[in-house]
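Have a look at the structure below before the remarks.
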Amino acid sequence: MTWRAYGEDLEANLRDLHARVHRGSYRAKPSRRAYNPKADWRQRPLGIATLEDKIVQRAVVEVLNANYEVDFLGFSYGFRPGRRPHDALDALTGGLERRR
């Protein structure tokens, strides 16, 4: 299903998805397999999730981030929204320059 087709009746589709998730009857569909060519002529397998799976995954990420973000310390950079590895390196450099 495409985003456009899903969006034609978005409210009803999201209500139905929400109800299935809360009832426990929602089951993720198998990922579609695709292959990406690599530089050495081999193929890299990719799993492409269905549209509803992507929506549910994003909703779970939002809920978990809201719950756990308050537990992280200010110097924690691993897999957090808005924090990149370069930000961690910049903070480390700044800390080293301020200390003797």
Problem set entry | Unique match (being under 30 Å from residue 7 (Cβ atoms), of a type outside the set (Asp, Glu), loosely packed, with under 11 Cβ neighbours inside 10 Å and under 19 Å from the mean Cα position of the chain (by Cα)) among 64, 46, 51 | 64
Seminar exercise, completed: Looking across region 47-100 at residues that are touching a Lys or Arg at 6+ places or on another chain (Cβ under 7 Å) and not small (Gly, Ala, Ser), the single one that is farthest from residue 26 (Cα to Cα) is 77
For this session: Considering each residue of region 1-36, count those that are aromatic (Phe, Trp, Tyr) and either loosely packed, with under 10 Cβ neighbours inside 10 Å or modelled with pLDDT under 95 (or both), and give that number.
Result: 1
Problem set entry | Residue identified as of a type in the set (Asp, Glu) and touching a helix residue (DSSP H, G or I) at 6+ places or on another chain (Cβ under 8 Å) among 62, 97, 52 | 52
Exercise. Quick one: would you say residue 96 is more than 21 Å from the chain's Cα centre (by Cα) and at pLDDT below 95?
Worked result: yes
For this session: Mind listing just one residue for me: the one in region 43-91 that is assigned to a helix (DSSP H, G or I) and of a type in the set (Gly, Ala, Ser) and, of those, farthest from residue 20 (Cα to Cα)?
Result: 91
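Would you call residue 39 surrounded by fewer than 11 Cβ atoms within 10 Å (Cβ to Cβ) and at pLDDT below 95? Walk me through how you get there before you give the answer.
On the way: surrounded by fewer than 11 Cβ atoms within 10 Å (Cβ to Cβ): yes; at pLDDT below 95: yes.
Yes: the conditions hold for residue 39.
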Exercise. Out of the residues in region 1-42 that are of a type in the set (Gly, Ala, Ser) and assigned to a loop (DSSP other than H, G, I, E, B), which is farthest from residue 55 (Cα to Cα)?
Worked result: 39
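Yes or no: residue 69 under 30 Å from residue 1 (Cβ atoms) and among the charged types (D, E, K, R)?
Numbers: under 30 Å from residue 1 (Cβ atoms): no; among the charged types (D, E, K, R): yes.
So residue 69 fails the test.
The values are calculated or read from the model by the stated rules, or taken from the named source; none is laboratory data. Bear in mind the structure is a predicted one, so any value in this text is a computation, not a measurement. Note that each Cβ is placed from the backbone with ideal geometry, even for glycine, and that neighbours are counted across all protein chains shown.
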